[in-house]
Amino acid sequence: MKPFTMPPPPQSLDVLRKLVRRARMDIWLVLHPQTLLRSAGVRFGLIYAGLFTISALALSAFLWWSTAGLLDRQTESAINADAQGLVERAQDGPLPLIETIQDRLAANIDDDAIYLLADPVHRPVAGNLEQWPRAITDDVEWSEIPIDRAGIRGLARIRQIPLPQGYHLLVGRDVRARAQLRRILADALVWAPPIVVALGTAGALLVRGLFRITIADVAATAAAFSRGDMTRRVRVTGLGDEFDRLAEEINDMLDRIAQLMDGVRQVSNAIAHDLRTPITRARARLEDAANHARDEADLRAAIERAQSDLDGIVAVFQALLRIAEIEAGARRSAFARVDLGPLLFDLAELYTAAAEEREQALDADIPPILPAFGDRDMLQQAVANLLDNALKFSPPGSTIRLAGRSAGRMVEIVVADQGPGIPAQDRSRATERFYRGETARSTPGSGLGLSLVQAVATLHGGGLRLEDNKPGLRAVITLPALTVAHTRPVRS
C-alpha cells in the first residue's frame, strides 16, 4: 500500500508556476537574441558590464603605468644622474674617474650599481663587470641585457657613454628584482580580462534581476489595479533611491485615480439621489395639474413651478460641467494679471445690500492693490460662492467678514461667517461634490459650491482651507502672488 502524501499547498504551486514561466522566458530570450536586446533589463545589464570592463581595464593600465613604468623611470633617472657626475669627473683624466668609480662601488649598499670603464679596444679598466658585454655596440645608448656579476646571473639596465681619448663608460643598475615585479604584474594583467568579464557578467545578471524584480512589482500592481483592485500599491523599500521615488509617484497617481473613481461613484449616487426629488416633484405637479386643473391659470401655475424645478436641475448640471471644465484646465489660457482689490470691493458692495436685507452686516478689510495672476471671472465666482454660503448659513444680526491680504509668496482671500460652521471631522469631505452636512440639509442648494471653489483655487496653483471661526466657518482661498514670470508676455 502506497503511503499517503499531502498535496502541495496552492501557494507553493503558484511559486512553482512562476519559476517555470520565468525559466521558459529566459530560454526564449537566449534562443532569440533580437528579443533579448529588446529587454530593458538586458540592456542595462550590458551597459553595466561594458562600463565595468572599461573601468577595470583602465585601472589595470594605470596600475602598470604607476608601478612598472614608475620603476623604469626612477631607474633611468638614477642612471642619468650618476652618469653626469662621472662624465664631469672624466674631464680630469682616467685616474680620477677610476678612483670615483671605486669609491661609488664601495659605497653601494644595495649592490645594484653597475660601472665599467673600458679602453678604446673595450678592455676593462675599472668597474664590477669582468668584460665588455657583446650585446652593447657603439651605436646603442640604452640597453637591457643579462649580465654575469660575481658569478650571479642578473638583468641590467645600462647606458653607454663615450669619453675623451677613446674611452668607453657603462653606467647601469641591476633590475632583476624589478623585472620580477613587472613579470608578476604582467601575469596579473593577463588574467585580469577573463576575471573582469566574469565579474561583469555576474554583475550584469544581478542588475538585470534587480531591474526585473522592481519592474515586475510595478507591472503586477498596474495589472491588479486595472482588474479592479483599487487597494494595490507598488512596494516601497524605504531606501530612498530612484526606484522608491518612482514607486511613491506611481502610488500617488494610483491614489488620485482611486479618489477620482470614488468621486465618480459618489457623484453618480448623489445625482441619482438629489435629482430624483425635483424631477419627481415636477412630474407630480404636472400630473396633478393635468388631472385637477380647473382653468388655464392653474395649468400655467403648475407649468411654471415644474419649469422652476427643471431650471434647478439644469443649474446643477451646469455647475458640474463648470467644475469639470475648471479641473481639466481648459480656462488656463485666459490667465492674465488681475488686481483682486477692486474685484473684492465690487463684491463687498454687492453683498452688503444682500446682507442688509437679511439683517446681517458685511465687514470688508481689503487693500487697495492686491495683484495676482489668474482668471478674473473664475476668481469672482469662487468668492461669490463663499459669500453666498456665508449669507445663507449666518443668522440675523451676525457679521460676515471679507478680507484680502498678501502673505509672502501667497495671496489670501478670507470669507468668515458666524453660522453653524462645519465639524472638524467633516471638513475634509466638505469640498466633495454633492456633500452636504447635517446642518445644511434643510437649506436650499446642491452641495457644489465648495467643490467649485476648490477647483478654481487648485487650477490657479493654490488651495481652499476651511477653519473654525468660533463660531462659524472661516474659508481661506490661497493663490500664488504675482511674480516677474507672470508679467512677461506669452509668445503665441
Only unsatisfied item for residue 215, checking (1) within 30 Å of residue 55 (Cβ to Cβ); (2) open to solvent by less than 60 Å² (accessible area, probe 1.4 Å); (3) hydrophobic (A, V, I, L, M, F, W, C); (4) at pLDDT 75 or above, is (2)
Looking for something open to solvent by less than 70 Å² (accessible area, probe 1.4 Å), in contact (Cβ under 8 Å) with a residue 12 or more places away in the chain and touching a Pro at 6+ places or on another chain (Cβ under 9 Å) - is there at least one such residue anywhere in the range 170-187? yes
So if I check each of 461, 445, 421, which one is in a loop (DSSP other than H, G, I, E, B), modelled with pLDDT under 85 and within 21 Å of residue 370 (Cβ to Cβ)? 461
Being in contact (Cβ under 8 Å) with a residue 12 or more places away in the chain, on the phi < 0 side of the Ramachandran plot, open to solvent by 40 Å² or more (accessible area, probe 1.4 Å) and within 60 Å of the chain's Cα centre (by Cα): is that true of residue 155 here? yes
Among the listed residues 412, 432, 438, which satisfies the condition of being touching a Lys or Arg at 6+ places or on another chain (Cβ under 6 Å) and either within 30 Å of residue 308 (Cβ to Cβ) or at pLDDT 85 or above (or both)? 412
Condition test on residue 288, is it under 39 Å from the mean Cα position of the chain (by Cα), surrounded by 12 or more Cβ atoms within 10 Å (Cβ to Cβ) and modelled with pLDDT of 75 or more? no
Would you mind finding the one in 227, 265 that is modelled with pLDDT under 85, within 30 Å of residue 430 (Cα to Cα), of a type in the set (Lys, Arg) and open to solvent by 90 Å² or more (accessible area, probe 1.4 Å)? 265
Go through the range 33-131 and tell me which helices (runs of 4 or more DSSP H), entirely inside it, have 1 or more residues that are open to solvent by 70 Å² or more (accessible area, probe 1.4 Å), over 30 Å from residue 195 (Cα atoms) and at pLDDT 85 or above. 70-90, 94-107
Residue list for the range 230-245, filter: open to solvent by 50 Å² or more (accessible area, probe 1.4 Å) and either farther than 30 Å from residue 56 by Cβ or of a type in the set (S, T, N, Q) (or both): 230, 231, 232, 233, 235, 236, 237, 238, 245
Counting residues that are out of contact with any Leu (no Cβ under 9 Å at 6 or more places or on another chain), which strands (runs of 3 or more DSSP E) fully inside the range 141-257 reach at least 3? 152-162
Name the residues in the range 351-378 that are part of a helix (DSSP H, G or I), of a type outside the set (S, T, N, Q) and at pLDDT 85 or above, would you? 351, 353, 354, 355, 356, 357
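Here's the yes/no breakdown for (1) farther than 19 Å from residue 481 by Cα; (2) modelled with pLDDT of 70 or more:
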residue	(1), (2)
308	yes, yes
315	yes, no
324	yes, no
340	no, yes
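The values are calculated or read from the model by the stated rules, or taken from the named source; none is laboratory data. Worth saying up front: this structure is predicted, and the values here are computed from it rather than measured. Glycine gets a Cβ as well: all are built from the backbone with ideal geometry, and neighbour counts include every protein chain shown. Each accessible area value is taken on the protein alone, full model and side chains, heavy atoms only, with ligands, DNA and RNA left out. Shrake-Rupley method; radii C 1.70, N 1.55, O 1.52, S 1.80 Å.
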